[in-house]
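K.L.:
I'd like to ask some things about the structure below.
The values are calculated or read from the model by the stated rules, or taken from the named source; none is laboratory data. None of these values were measured; they are calculated from a predicted model. FYI the Cβ positions are ideal-geometry reconstructions off the backbone, even for glycines, and counts take in every protein chain you see. Side chains included, ligands, DNA and RNA excluded: accessible areas come from the protein's heavy atoms. Shrake-Rupley method; radii C 1.70, N 1.55, O 1.52, S 1.80 Å.
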Amino acid sequence: MKKFSLGIVLVPFFMVSQNLFVTKTVTDNSMTTEYLSEVNTTNGSIISTNFFSQNSNPSLIPSGLEYDNQTNSIFSFSENIVYEHDGTYFTPINSFQGLTNAPLFFREIIHLNNRIFATKLLNTGGMNYELTLFELSKIDNFIINSHTWEVTIATNGYGSTKSDSTNEIFIILGNKLLKYNILTEALNTFTLDGQNLGVSYKGIIFADNRLFIRKDDYTGNQSVNYIIELNKNNGSIISTNQLTSNFMNYYPSNDLVYLNSTKEIACLFITDNDNMILKYNITNHNESLLMLPTENNTSSSTENYRELVSKDSEQSLSNTQIETTTVNSKIKNVYNLLGQKISLETFNQVIIIEYENGERIKKIQYSN
């Protein structure tokens, strides 16, 4: 009986390891196939591999994968087309050609509270950029609206993340942090430390209601990596944590993902042959490395790991966790997940309550 009980205890731990996925492309006979593989987060082994997409043109293979807990969907894109796949079986559900009325390609997509956004980045000379945020329609394949901002930066780096609870998109561009509210359309811009090209901010993630970025400081032929926690309201640094792992000769992905069950941020580091995943615990600051299986490259076939996606992200908080949040302020507005104003007397669905002090929470009210 004791052995049987131990087996039961191990089941939840195994389930946790199935929430991290890595994409890998295999090019063989002029055809590129993309696979989505479950990663065991204790040893880096592959639990299962699933077909995701295929195309004769490698540049048309979807990227920028993002899991949405509300719809159990994985969203991705190639050029100006957004794809939606089932989050359990990874089969195609839908596609949105959101740039029908614009000629440029996406840089990233963001699915936030049942709305789809995409970014486009255009260099206008030197360290000057034009950043555009589009909202895409899921119905008529057109752009609903767009906002363009001129941004001058002093260093490198890019990434985006979101907060479902506050309806905010965070974008890191060089040493500039942009925070955009999809309900109020208010934009705040903050300047981060780093005034030279040896500093790069590669990746940003909203985790456990906290904001983190990854910083790469390359000086003296040595790369030093940091995980930095920022104040999500004003962009100031809360803490700086230097990573002790050796990343020399590894190229990091700009994407960070979050594993809510273990409170860990994960990032993919790749080389020509070896690939590894860094895990950083935001609670105890411990870090660990997972070595992925070696790519199998031959004269006729090439394999490449590309990016991570987590199904155990910030937005997977349960309804109970959402409802326990309380704010000592008067209610200003109430919205549904489409950003439309609704009555506070709305039951049996997720609502977003905006308070006069600027805070927002998600809540479900059940009718008797």
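K.L.:
Return the residue satisfying two criteria in turn: it lies in the stretch 225-244 and is in contact with an Asp or Glu (Cβ under 6 Å, 6 or more places away or on another chain) and open to solvent by 30 Å² or more (accessible area, probe 1.4 Å), and of such residues it is nearest to residue 177 (Cα to Cα).
P.N.:
Of everything passing the filter in the stretch 225-244, 238 is nearest to residue 177 (Cα to Cα).
K.L.:
Sort out which residues of the stretch 42-79 are within 20 Å of residue 105 (Cβ to Cβ), open to solvent by 20 Å² or more (accessible area, probe 1.4 Å), more than 15 Å from the chain's Cα centre (by Cα) and hydroxyl-bearing (Ser, Thr, Tyr), and write them in order of number.
P.N.:
56, 59
K.L.:
Let me ask something else. Going by the structure shown, is residue 130 open to solvent by 20 Å² or more (accessible area, probe 1.4 Å), over 21 Å from the mean Cα position of the chain (by Cα), charged (D, E, K, R) and farther than 30 Å from residue 290 by Cβ?
P.N.:
Spelling it out, residue 130 is indeed open to solvent by 20 Å² or more (accessible area, probe 1.4 Å), over 21 Å from the mean Cα position of the chain (by Cα), charged (D, E, K, R) and farther than 30 Å from residue 290 by Cβ.
K.L.:
OK, next. Only one residue in 283, 302 is β-branched (Val, Ile, Thr), in a loop (DSSP other than H, G, I, E, B) and open to solvent by 50 Å² or more (accessible area, probe 1.4 Å), so which one is that?
P.N.:
283
K.L.:
Can you tell which of 275, 319, 304 is more than 21 Å from residue 41 (Cβ to Cβ) and either touching a Gly at 6+ places or on another chain (Cβ under 8 Å) or at pLDDT 85 or above (or both)?
P.N.:
It is 304.
K.L.:
Which of (1) touching a residue at least 60 places away in the same chain (Cβ under 8 Å); (2) buried (at least 18 other Cβ atoms within 10 Å of the Cβ); (3) over 21 Å from residue 157 (Cβ atoms) is the odd one out, the single condition residue 260 does not satisfy?
P.N.:
Residue 260 satisfies all of (1) touching a residue at least 60 places away in the same chain (Cβ under 8 Å); (2) buried (at least 18 other Cβ atoms within 10 Å of the Cβ); (3) over 21 Å from residue 157 (Cβ atoms) except (1).
K.L.:
Can you pull out the residues in the stretch 322-343 that are at pLDDT 65 or above and either farther than 17 Å from residue 183 by Cβ or open to solvent by less than 60 Å² (accessible area, probe 1.4 Å) (or both)?
P.N.:
Passing the criteria: 329, 330, 333, 334, 335, 336, 337, 339, 342.
K.L.:
Going through 71, 119, 132, 42 one at a time, which residue ends up being over 24 Å from residue 161 (Cβ atoms) and not charged (D, E, K, R)?
P.N.:
42
K.L.:
Let me ask something else. Inspect all residues belonging to the stretch 85-107 and state whether any of them is closer than 21 Å to residue 131 by Cα, touching a helix residue (DSSP H, G or I) at 6+ places or on another chain (Cβ under 9 Å) and modelled with pLDDT under 85.
P.N.:
No - not one qualifying residue is present in the stretch 85-107.
K.L.:
Would you please name the residue that is surrounded by the most Cβ atoms within 10 Å (Cβ to Cβ), looking only at residues in the stretch 137-186 that are aliphatic (A, V, I, L, M), touching a Lys or Arg at 6+ places or on another chain (Cβ under 7 Å) and closer than 20 Å to residue 206 by Cβ?
P.N.:
Of the stretch 137-186, the ones aliphatic (A, V, I, L, M) are 139, 143-144, 151, 153-154, 169, 171-173, 177-178, 182-183, 186.
Keeping just the survivors that are touching a Lys or Arg at 6+ places or on another chain (Cβ under 7 Å) gives 151, 153, 169, 182.
Keeping just the survivors that are closer than 20 Å to residue 206 by Cβ gives 169, 182.
On the way: 169: 21, 182: 19.
Among those residues, the one meeting the criterion is 169.
K.L.:
Out of the stretch 217-246, which residues are hydrophobic (A, V, I, L, M, F, W, C) and within 18 Å of residue 161 (Cβ to Cβ)? Spell out the reasoning first.
P.N.:
Initially, the stretch 217-246 is screened for residues hydrophobic (A, V, I, L, M, F, W, C), giving 224, 227-228, 230, 237-238, 243.
Passing the criteria: 227, 228, 230, 237, 238.
K.L.:
Name the residue, out of 39, 82, 22, that is open to solvent by less than 10 Å² (accessible area, probe 1.4 Å), touching a strand residue (DSSP E or B) at 6+ places or on another chain (Cβ under 6 Å), of a type in the set (Val, Ile, Thr) and modelled with pLDDT under 90. Even if it seems obvious, please write down each step before you answer.
P.N.:
Values: 39 fails: modelled with pLDDT under 90; 22 fails: modelled with pLDDT under 90.
The match here is 82.
K.L.:
Sticking with this structure for a sec: State whether the residues of the stretch 84-102 include one that is within 28 Å of residue 200 (Cα to Cα) and part of a loop (DSSP other than H, G, I, E, B).
P.N.:
Within the stretch 84-102, not a single residue is within 28 Å of residue 200 (Cα to Cα) and part of a loop (DSSP other than H, G, I, E, B).
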